[in-house]
Amino acid sequence: MFRYLPDFGQCFNYAYDQKSTDGIFIFHGFPSQKNRNKDLAAFLSDNTKASIFVHHYEGVGESLGKFSFTRSIETAFHYVEKIRNEFHLQRLHFLGHSWGGFVSLNLLSHFSRDLASLVLYSPFTQIPIDKGIDELAYNLMKEYPHFFFHRNHADVSTEFKIIQQRFTYMNALQEQHWQRPTLVLQAKNDLATPEAQTKAVLPLLGPHTIYNELDIDHSFTQNRDNTLSLTKQFYKNIQLTK
C-alpha cells in the first residue's frame, strides 16, 4: 500500500508498505528531480516482497530546507533507524544512485548486522584529494547555483574536506569483509562517477558482487527498463521477488 509518511524533520518521504520484515531504502543522487525514483519504487513494490522507503534529503527533491552533503548522510542514518524500529524490519536493503551510493556505502558499517543486500547505480565513491576538492566544489556551484545560494566556495570545499575525514567507508569495508549480495550498475563513460573509481571499490565489496556496465548516461533515465530488469533479477537471485 502506497502512503506518504510524516515528514522526517524537513525531509519528504513515502513508503509502499507491504507489511514485510524486509525493507528496501532508496537513496537518490544530487540534486535529483522531484519525481526521481517514483517509477523505481512502484516497480519494486510490484515485484518484490519488501516494503519500499523513499527518502529525499533536506533541501532537494520534494523536501524543504537547505541542502548539505554532510547532513544528508547524518539524516539518512537517523531515518533508517527510525523506519527500522517503526516498521519492525529485520532485514534492510539499500539502493543508492550517485550521491545516494555514497550515502549507502557510509551507512553500511552502521547497519551491517541487518543489511542483507546492497544495490548501487553509478555510485559516487570518493572525495577528490588536494585541489580536486576545490574543483568539485566549483563545478557543483556553477552547475547548480540555486542549491548553494546561501554558501560560498570556501564553505563548500571545507565541507568536502570534513566528509573526507569523517566518512571513511573504505576503512570500514576493509575491516568488516563485506560478504552480502551486491549489485553495481555503472554507466559507461560516466564523467560524474567514472568507471575506474567504481571499479577501485569492487574488491572491497566482496565475492558476491555483480558488476555491469550499461550504455546509458549518469542519470539512469535512459533505457530504464533494462535497469529495472537487472535490478529485479538481482532481487530474484536473493529470493526477494514475489
Practice item. With a 1.4 Å probe and all protein chains in place, put S112, S45, S229 in order of accessible area, largest first. Key: S229, S112, S45
**Study point:** Under-5 Å amide H pairs with I210, H placed in peptide plane, nonlocal only
**Key:** T182, L183, V184
Study note, to complete from the structure: The local net charge around L228, scoring Lys/Arg +1 and Asp/Glu -1 for residues other than L228 whose Cβ lies under 13 Å from its Cβ, equals +1
Point to revise | Net charge dipole size for the chain [Lys, Arg +1 and Asp, Glu -1 on Cβ; Debye, nearest 20] | key: 540 debye
**Study point:** Relative contact order, percent, segment 55-152 [alpha-carbon distance under 8 Å, six or more residues apart]
**Key:** 21 percent
Point to revise | Three principal axis lengths of segment 109-196 [C-alpha, angstrom, descending] | key: 41, 29, 23
Point to revise | Relative contact order [Cα under 8 Å, 6+ residues apart], the chain, whole percent | key: 18 percent
Revision key, fill the gap. Rounded to one decimal in Å, the inverse mean reciprocal Cα-Cα distance for the chain, i.e. its Kirkwood radius, is 18.1 Å
Practice item. Assign one of three labels to segment 71-164, namely rounded, prolate or oblate, based on the Cα gyration tensor with a ≥ b ≥ c the square roots of its eigenvalues; rounded applies when a/c is under 1.5, prolate when it is not and a/b is larger than b/c, and oblate otherwise. Key: prolate
Practice item. Quote the FRET efficiency, to the nearest 0.05, computed for K242 versus L202 with a Förster distance R0 of 30 Å and r equal to the Cβ-Cβ distance. Key: 0.50
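The values are calculated or read from the model by the stated rules, or taken from the named source; none is laboratory data. Bear in mind that the values here come from a model prediction, so they are computed numbers and not experimental data. Cβ coordinates were reconstructed from backbone atoms using ideal geometry, including for glycine residues, and neighbour counts include every protein chain displayed. These accessible areas exclude ligands, DNA and RNA; they are computed on the full protein's heavy atoms, side chains included. Shrake-Rupley method; radii C 1.70, N 1.55, O 1.52, S 1.80 Å.
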